[in-house]
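Q: I'd like to ask some things about the structure below.
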Amino acid sequence: MIYEGKAITVKEIEGGFAQLNFDLEGESVNKFNRLTIEELGAAAEALGNAGGIKGLVVSSTKDCFIVGADITEFTDLFAGPEEELIANNLRANSVFNAIEDLPFPTVTAINGIALGGGFEMCLATDYRVMSTKAKVGLPEVKLGIFPGFGGTVRLPRLIGADNAIEWIAGTKEYKADAALKFGAVDAVVGPDQLMAAAVALLNQAVEGKLDYKARREEKTGKLKLNPMESMMTFETAKGFVAGQAGPHYPAPVEAIKAMQKHSGMSRDKAIEVEAKGFAKMAKTPVASSLIGLFLNDQALKAAAKKLEPSASEVKKAAVLGAGIMGGGIAYQSALKGTPIIMKDIAQAGLDLGLNEAKKLLAKRVEKGRMTAEKMADVLNAIDPALSYGDFQDVDIIVEAVVENPKVKDIVLCEVEDVVSEDTIITSNTSTISIDLLAKNLKRPENFCGMHFFNPVHMMPLVEVIRGAKTNERAIATTVAYAKAMGKTPVVVNDCPGFLVNRILFPYFGGFAALVRDGADFQRIDKIMEKFGWPMGPAYLLDVVGIDTGKHAGEVMAEGFPDRMKNEFRTAMEVMFDEGRYGQKTDKGFYLYELDRKGKQKKVADESVYELIKPVVSGSQEFTDEAIIERMMVPLCIEAVRCLEDGIVDEAAEVDMGLIFGIGFPPFRGGALRYIDSIGIEEFNKIADKYADLGPLYTPTEGMREMAKAGKKFFG
């Protein structure tokens, strides 16, 4: 044994070669934490001193190669001074350089996922052989940073600047055939041939059939672009990528700037440029928010995993109500492999649901993401029904009929009588209390909420709502089914609006009061979109449906009358009374017309100002900052209330619910992380400026106590 550690071992193998193997002790995957980097440095030193070694194969015992850097270490690391971050990156890079500079040829056998730092490890060797089951990529800009272990230096010198920009700014994971086409790897073989192919490559290098030194010089030298080519490549890319990323996500453009700056430098100087650019990005609030978002997502997955032992297997599902929502649920279930009965009381409803599924599947075929044969298989997995004839062997049911408690009560009691005693029944309600819907059921322990967000195929969140009598098996099975559908489930306790809608409606309350006081609704939309929301509040109400918004608002007002009951007539109520329900009627706060591709596009309608005149009682002038504060403060305070009231257990669940459910700006991390970024004491001061607007703007006592203690929601 040449070297033995807790993450890495190095041993001699046949042919005078050595094998450096990653196998991080106590972990299911390999990742670059401090220990692994230290051991890689020690292994490189041991290899350099070993003598008699003719070549090196780098491999992994685990199913993946290396998933990347250990993000759990980022929070503490990134909190330090920028100079410390630069020094830390340069120390890590000296280890990768030591592998690259070994006095014999090196090859990586990529057996599984190699992302971020994992792929940068692969780039440090002379050659790469990839399994047909593996994937590689540099997705760091998703976290608000960019590659920091030499990725921006080595990749453009290996596959060309244009391609490297596509890989780094695009964050895609590449399968073996694509990686080979780009030149990022040198060979692709089946998993069982991987080591043999890696050794064969080394033999060719040792025999002089492959010039590994020339390859190494290319990777460690200057980028081969003349000044004109360099300018054309990088300047064009910066403009295009900036347009794609938007103003709130600087990392992709900063990565290109780093590549441009170090393109005329050799490796060591180029890595210094990369390290400085990396540290600059790591210190941004965007990186803090996006890394927090990643960690929150991991926390949600861990919470869902804990429920797995209590879950029953779902082999077959059913959805009651075959409209757009029911059709979307049926599509998603069948697409992800769970056959589903789609029941309605009328053939017209079934036709609508099936057409919705066909439309979504046809788009996948059109884009080359699915074959026509696969589309037929998915459609065959949706069984349309006008009766309960085949419901005896259904494991889980999603009731998705009209949002009316009396109708839902009839349907739920009806279906409970025809299914087995073990069947889990759920309601896709957005506002109605689960305890209310459970009151007439014989087996309320088998009942919970399963709230999908519209459109089902696009929105990742599912709220799984626990009623007072819901048992653990019902929750665990519903969570497992949501995961099987490719969704992110968040378990919440019962209350009006549950988690997401309860937090959203104070935001709409802020909007209603702003319009009342004289703010232009179109200007509010533009400011909140600039803030980072995918659409402003007026546009969002049109998309949700003014009628839906009015109904949900009434539920919220009844549940929380102290702060959610309006004492004035709102602009949304005017739209409702005028029959302007939004996109569904082609008019709401805006008009909706079809563009050339047949998609609805929003068009300003000046007549709306005349319609809402009677509900505008003020004529205040508002700064952009004041509009943001009046919109965000009530939303954030309600988010805190949900945490304090135990609607969810963790701050991460609040923030992920808002990001996945209503498109809260990801680069801001969620409502609670947004408060943290301002500072809770400062946030309370901002809220107190609007005390005259009532309880929606009143911080909780818990928030006052947190401010005194200097506490945060995260960290």
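Each value in this text was obtained by applying a stated rule to the coordinates, not by laboratory testing. Just so we're clear, the structure is a prediction, and the values are computed from it rather than from any experiment. With ideal geometry, Cβ positions are generated from the backbone for all residues, glycine too; neighbour counts draw on all protein chains shown.
Q: Of the chain, which part is the longest with no GluC sites (Glu not before Pro) in a loop (DSSP not H, G, I, E, B) and with at most 11 other C-beta atoms within 10 angstrom?
A: 26-206
Q: Computed from these coordinates, which is mean projected area of the Cα convex hull in nm²: [x] 28.7; [y] 34.0; [z] 44.3?
A: Given [x] 28.7; [y] 34.0; [z] 44.3, the structure-derived one carries the label [y].
Q: In debye to the nearest 20, how big a dipole does the stretch 306-412 give about its Cα centre with +1 on each Lys and Arg Cβ and -1 on each Asp and Glu Cβ?
A: The dipole magnitude comes to about 460 debye.
Q: Let me make sure I get this right: for the stretch 490-560, a, b and c are the square roots of the gyration tensor eigenvalues over alpha carbons, sorted descending. Under 1.5 in a/c it's rounded, otherwise prolate if a/b > b/c, else oblate. Which is it? Don't skip to the answer; put the middle values down first.
A: On the way: a/c = 2.12, a/b = 1.59, b/c = 1.33.
Prolate shape, in that a/c is at least 1.5 and a/b is the bigger ratio.
Q: With axes computed from alpha carbons, what is the tilt in degrees of helix 472-484 against the longest principal axis of the chain, rounded to the nearest 10 within 0 to 90?
A: Approximately 60 degrees, to the nearest ten.
Q: Then there's this: At R0 = 35 Å, how high is the FRET efficiency between Gln392 and Gln244 if r is their beta carbon distance? Nearest 0.05 is fine.
A: That pair, Gln392 with Gln244, gives E of 0.10.
Q: Using Cα atoms only, what is the angle between the long axis of helix 651-662 and the major principal axis of the chain, expressed in degrees (0 to 90) to the nearest 10?
A: Once rounded, the angle reads 70 degrees.
Q: A further question follows. Under a point-charge model restricted to the Cβ atoms of Lys and Arg (+1) and Asp and Glu (-1), what is the dipole moment magnitude of the chain relative to its Cα centre, in debye to the nearest 20? The partial results should precede the final answer.
A: Details: 83 positive and 100 negative charges, 325 e Å.
Charge dipole of the chain: 1560 debye, to the nearest 20.
Q: Please sort by residue number the trypsin sites (Lys or Arg not before Pro) in the stretch 584-667 whose DSSP state is loop and whose Cβ has at most 13 other Cβ atoms within 10 Å.
A: Passing sites in the stretch 584-667 are Arg596, Lys597, Lys599.
Q: While we're here: Along Cα→Cβ, 7 Å out, is where each label goes; now give me the distance between the ones at Ala691 and Ala468 in nm to one decimal.
A: 3.7 nm
Q: Further question on the same structure: If you keep only loop residues by DSSP, which trypsin sites (Lys or Arg not before Pro) in the stretch 345-413 have at most 10 other Cβ atoms within 10 Å of their Cβ?
A: Sparse-neighbourhood loop trypsin sites (Lys or Arg not before Pro): Lys367, Arg369.
Q: Using +1 at the Cβ of each Lys and Arg and -1 at the Cβ of each Asp and Glu in the chain, identify which of Pro81, Gln244, Leu361 lies farthest towards the dipole's positive end.
A: Going by the Cα projections, it comes out as Gln244.
Q: Quick one: which residues, 5 or more positions from Thr106 or on another chain, have an amide H under 5 Å from its amide H? H modelled 1.01 Å from N in the peptide plane, none for Pro or chain starts.
A: Leu56, Asp126, Tyr127
Q: Using DSSP to call loops (not H, G, I, E or B), can you name the trypsin sites (Lys or Arg not before Pro) in the stretch 468-568 whose Cβ has at most 16 other Cβ atoms within 10 angstrom?
A: Numbers: sites: Lys469, Arg473, Lys483, Lys487, Arg502, Arg516, Arg523, Lys526, Lys530, Lys550, Arg563, Lys565; in loops: Lys469, Lys487, Lys565.
When the trypsin sites (Lys or Arg not before Pro) of the stretch 468-568 are filtered for loop state and at most 16 Cβ neighbours within 10 Å, Lys565 remain.
Q: Which angle from 0 to 90°, rounded to the nearest 10, does the C-alpha axis of helix 227-245 make with the longest principal axis of the chain?
A: 30 degrees
Q: Would you list Cys636, Cys495, Cys413 from fewest to most Cβ contacts within 10 Å?
A: Values: Cys636 25, Cys495 19, Cys413 13.
Ordered from fewest to most neighbouring Cβ atoms within 10 Å, Cys636, Cys495, Cys413 come out as Cys413, Cys495, Cys636.
Q: Under a Cβ-Cβ cut-off of 9 Å, what is the net charge of the residues other than Asn296 that fall near it, where Lys and Arg count +1 and Asp and Glu count -1?
A: Computed value for this residue: -3.
Q: So if we plug the beta-carbon distance of Val615 and Leu35 into 1/(1 + (r/R0)^6) with R0 = 60 Å, what FRET efficiency do we get, rounded to 0.05? Don't skip to the answer; put the middle values down first.
A: Numbers: r = 63 Å, r/R0 = 1.05.
Calculated transfer efficiency: 0.45.
Q: Using θ = phi - 60° and the Karplus relation 6.51 cos²θ - 1.76 cosθ + 1.60, list the HN-Hα couplings for the stretch 425-439 in order, rounded to whole Hz, with x at every Gly or Pro.
A: Residue by residue, the stretch 425-439 yields 10, 10, 10, 8, 8, 9, 9, 6, 4, 5, 5, 5, 5, 8, 4 Hz.
Q: How big is the charge dipole of the stretch 314-494 about its Cα centre, in debye rounded to the nearest 20, if each Lys and Arg gets +1 on its Cβ and each Asp and Glu gets -1 on its Cβ?
A: Numbers: 21 positive and 23 negative charges, 140 e Å.
About 680 debye.
Q: Continuing with this model, one more query. Please compute the length gained on full extension between Val407 and Asp517, using 0.36 nm multiplied by the number of residues separating them and subtracting their Cα-Cα distance.
A: Difference between extended and current length: 35.7 nm.
Q: By its C-alpha gyration tensor, with a ≥ b ≥ c as the square roots of the eigenvalues, how is the stretch 1-92 shaped: rounded for a/c under 1.5, else prolate for a/b larger than b/c, else oblate?
A: Judged from the Cα gyration tensor, the stretch 1-92 comes out oblate (a/c at least 1.5, b/c at or above a/b).
Q: Mind giving me the FRET efficiency for Glu229 and Asp595? R0 is 45 Å, r the Cβ-Cβ distance, nearest 0.05 is fine.
A: Efficiency, from the Cβ-Cβ distance: 0.75.
Q: Please give the calculated 222 nm ellipticity per residue for the chain, where each DSSP H segment of at least 4 residues contributes -39500 (n - 2.57) and the sum is spread over every residue; nearest 500 deg cm²/dmol?
A: It comes out at -15500 deg cm²/dmol, rounded to the nearest 500.
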